[in-house]
Structures are given as C-alpha cells and as structure tokens.
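Trainee: Dropping the structure in here first, questions after.
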Amino acid sequence: MEILTPVAFDEVRADFDRDHPVTRDHEANTNQDAVDALALADRSFGGWSKVRLSHAELRTVMLPWHLSEGGERELVPRSGRTIGQAADLLRARAAEFAAANPVCQAKLDRFRTGPFTSVYLSTRALPHDDYADLPADAAPYHLDGLHRLLAWELSGRLAEAGGLTVHIAGDLTPLAPLAAGDGATQATTGGQRT
C-alpha cells in the first residue's frame, strides 16, 4: 500500500460526480446509493486519502451484501466476500450467475473494457444494514465500485495494471496489516517506507 495524499471530501465528491453522475442514463443506476454511502462514510469516519493498492491488496477488499439489481442469485452473502472470492466464484459459475442476474452481468460486461474510474473504500464497515454482518477486521471495505472492480479483475486488467489508486475514508491504521501481509507490499507515508 502506498499512501499518496490526504484529500478533502469536496474533492472526493467532485471525482465521484465526474466519473459517476447520479443522472447517468443506464439500467439500474445506483449512483445515488453510492453518494449516500460516501456521505455516511464521511460523517462516520472522515479523513479521506488517496491510496495506491496493489492487485493482491485489491483482491482483499471486503464487499458488503449484494444480491444484484433484480437478480435471483446472491453474489455476496451478508457475511461478506472479498473481491478475489467473488471473482473466483463468478469464474467458476459464470453461466449460472449471468442467467440469474442479467442486470449485474450487463454491468460487468460494460465495465470489462471501460476506462478505469474512481473507486471508493473505507477502513471500517459502514454503520448500515448491508455491512452489519461483515467481519470487524476485514479492512478495506467497499463503498462504491463493486461491478467495476469485479469486471476489471475478471478481465485481467487489475493484474495488468498492477493495482489502482483509490479514495479511502477513515484512519489508515487498520490497513497496516494489509501492507505488511505478504512481505512484497510495504506501506508508505510522505514518501517514506514504513
């Protein structure tokens, strides 16, 4: 993990609004839900940062419960699932999930080749029902970007890119074990290795 810079919530919102307009015309636009999640994270945790996460670190991002818009098959149970686990499940059961969750599948298909856009995480689970059953020590937690992250992982683009720069809310201390976890990734702050 590389800590790049602190950012104000106004900048976080400006980046979100640029990449993910609430008024964008596409099926099952959930951008207003994301705006609400970002505002809740800001009120609950504050302290936004831009952080560069490696591919391996991105695979550990904990997802909250996700059924899919109008879907019939749960992708993420209430107990959570990481990006890596969800991608592995989708690879193993691609046809089954596509048939059961056509709106979710359409989003995955659209984002596989789309440009990398802003992704939002937090260092703690949101105080929201969809996050209530997640493990307390599973940082980082997803706020917005589930379909994009999964599409980019499934297409191999996250591995090719070597990681992404993300916005993350909260005190970065809970991410220290993530940075030390595999020995290959080290946290940095202010350009200094820690």
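The values are calculated or read from the model by the stated rules, or taken from the named source; none is laboratory data. What you are looking at is a predicted structure, and each value in this text was computed from that prediction instead of being measured. Cβ sites come from the backbone with ideal geometry, for glycine too, and all protein chains shown count toward neighbours. These accessible areas exclude ligands, DNA and RNA; they are computed on the full protein's heavy atoms, side chains included. Shrake-Rupley method; radii C 1.70, N 1.55, O 1.52, S 1.80 Å.
Matching residues to (1) under 15 Å from SER79 (Cα atoms); (2) open to solvent by 20 Å² or more (accessible area, probe 1.4 Å):
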residue	(1), (2)
CYS104	no, no
LEU108	no, no
LEU126	yes, no
ASP130	yes, yes
ASP133	yes, yes
ALA136	yes, yes
TYR141	yes, no
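Trainee: Moving to a separate point now. Looking at the range 99-118, I want the residues that are in contact (Cβ under 8 Å) with a residue 60 or more places away in the chain and have a partner that is of a type in the set (Asp, Glu) with Cβ atoms under 7 Å, at least 6 apart or on another chain. Which pairs are those?
Mentor: VAL103/GLU27; VAL103/GLU69; ALA106/GLU27; THR117/ASP19; SER118/ASP15; SER118/ASP19
Trainee: When the residues of the range 147-166 are narrowed to those that are open to solvent by less than 10 Å² (accessible area, probe 1.4 Å) and under 11 Å from the mean Cα position of the chain (by Cα), which ends up farthest from GLN105 (Cα to Cα)?
Mentor: Among those that are open to solvent by less than 10 Å² (accessible area, probe 1.4 Å) and under 11 Å from the mean Cα position of the chain (by Cα), it is VAL166.
Trainee: Residues being within 16 Å of MET62 (Cα to Cα) and either open to solvent by less than 40 Å² (accessible area, probe 1.4 Å) or modelled with pLDDT of 90 or more (or both): count how many of those fall in the range 167-191.
Mentor: 8
Trainee: Looking at the range 86-117 only, could you name the residues that are within 20 Å of ASP130 (Cβ to Cβ) and within 13 Å of the chain's Cα centre (by Cα)?
Mentor: Within the range 86-117, ALA86, ALA87 meet the criteria.
Trainee: If you don't mind, there's one more thing I want to ask. SER79 versus (1) surrounded by 14 or more Cβ atoms within 10 Å (Cβ to Cβ); (2) modelled with pLDDT of 95 or more: which is the lone unmet condition?
Mentor: SER79 satisfies every listed condition except (1).
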